[in-house]
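Contents: one structure, followed by commentary.
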Amino acid sequence: MSLMTKHIENEYALYMDGVSVSFDGFKAINNLSLYIKPGEMRAIIGPNGAGKTTMMDIITGKTRPDTGKVLFKNDTDLTKYDEAEVANIGVGRKFQKPSVIESLSVFENIELALKGKRSIWQSLFHALSDQDHQRIQEILELIALQDQQDALAANLSHGQKQWLEIGMLISQEPEVLLIDEPAAGMTDEETMKTAELFKRLAKKHSLVVVEHDMDFIKALDCKVTVLHEGRVLAEGSLETVQANQEVIEVYLGR
Ligand SMILES: Nc1ncnc2c1ncn2[C@@H]1O[C@H](COP(=O)(O)OP(=O)(O)OP(=O)(O)O)[C@@H](O)[C@H]1O
């Protein structure tokens, strides 16, 4: 393999090109292209029905596209795999509602997620190694829940539950993280802390964040992709897309 080919192969963590999908003749995704680099953070915005959820469903193997390419790290065709396989390959998905186990402590939730990488047999009969303990503490520090590690997840605030679930996802070491409306229901302070957390995460992972909260997106300080009618309407800095006439019309015309 030539050096040039090698370079191209390493270029994208996630590569979607010419992707379309129809539901009963209605094109929910229409020739969509999205290119995400390793370690990149990308915000996805767009009015209701723009296709944001469908796009994530396609990446994660929940929905099969009719046409187009969806590649992970340039050589794995994600459209060939189901949801569980795509998660194992290295694409983590965070839905809007937190799904932590409320009756377990913060530490135990992370422990369970970490063990999820192993077989049931291993998780039942193996105690945590020193390395596992260290990894859990690293994750707790990353999500700023070290002081709450013995607290029941049920007693966390909504924002803290969201951070815990992100920590659980991180324990699976995904290359790409898809996150749906993380700031919804958060206080202003939690929203800003979440932006800081995401900036820390983006160094090691690629993050694709679907969000409506413009203050949050501003704080993420990353490239923004605007979806409309299943395709990319505009892409660039938040200032650039907010000044785009087509984008303004789409949002005002809702
Ligand atoms: N399984 C399905 N069958 C039929 N139509 C669908 C299906 N899934 C999505 N759609 C339609 O596809 C379009 C895109 O929907 P999608 O949920 O992806 O948009 P969205 O950008 O996530 O919207 P929101 O911001 O409201 O969550 C909508 O018009 C929706 O009604």
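Using the 10 angstrom Cβ neighbour count as an exposure proxy, how do S157, S171, S103 rank, fewest first? Numbers along the way, then the final one.
Details: S157 13, S171 23, S103 10.
Fewest-to-most Cβ neighbours within 10 Å comes out as S103, S157, S171.
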Original post:
Once you wrap a convex hull around the alpha carbon atoms of the chain, what is its projected area averaged over all directions, in nm²?
Top reply: 15.8
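Taking every DSSP beta bridge that has both residues in the chain, what percent is antiparallel when rounded to the nearest 5? Let's see the in-between values first.
Details: 20 of 37 bridges.
The antiparallel proportion sits near 55 percent.
F95 to N31: extension gain in nm, 0.36 nm per residue of separation minus the Cα-Cα distance?
Values: separation 64, 0.36 × 64 = 23.04 nm, distance 2.46 nm.
Contour length minus Cα-Cα distance gives 20.6 nm.
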**OP:** With the convex hull built on the Cα atoms of region 200-254, state its orientation-averaged projected area in nm².
**Re:** 4.2
Original post:
What's the exposure ranking of M186, M168, going from fewest to most Cβ atoms within 10 Å?
Top reply: M186, M168
Original post:
Which angle from 0 to 90°, rounded to the nearest 10, does the C-alpha axis of helix 130-142 make with the longest principal axis of the chain?
Top reply: 50
Original post:
Sorted from fewest to most neighbouring beta carbons within 10 Å, what does the list E40, E196 look like?
Top reply: E196, E40
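Determine the alpha carbon to alpha carbon distance for each of K52/K94; K37/K223; K52/K223; K115/K193; K115/K203 and list only those over 20 Å.
Cα-Cα > 20 Å for K115/K193; K115/K203; rest within.
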**OP:** Take region 164-244, drop everything but the C-alpha atoms, weight them equally and run the Debye formula without solvent; then report log10 I(q)/I(0) at 0.11 Å⁻¹ to two decimals.
**Re:** -0.31
Subject >> 5 Å-binned pair-distance histogram of region 146-194 (Cα, whole percent) >> reply: 5, 18, 28, 24, 18, 6, 0
**OP:** Output the Kirkwood hydrodynamic radius of region 90-221, Cα pairs only, in Å rounded to one decimal.
**Re:** 15.0
Original post:
What percent do you get for the relative contact order of region 96-254 when only Cα pairs under 8 Å and 6+ apart count?
Top reply: 20
Original post:
Applying 1/(1 + (r/R0)^6) with R0 = 45 Å to the Cβ-Cβ distance of A127 and I248, what FRET efficiency is obtained, to the nearest 0.05?
Top reply: 0.20
Original post:
Of the beta bridges DSSP finds with both residues in region 90-221, what % are antiparallel, to the nearest 5?
Top reply: 10
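Where a number appears in this text, it was derived from the coordinates with a stated rule and is not lab data. Values in this document were obtained by computation on a predicted structure and should not be read as measured data. In this analysis, Cβ positions are derived from the backbone assuming ideal geometry, glycine residues included, and neighbour counts consider all displayed protein chains.
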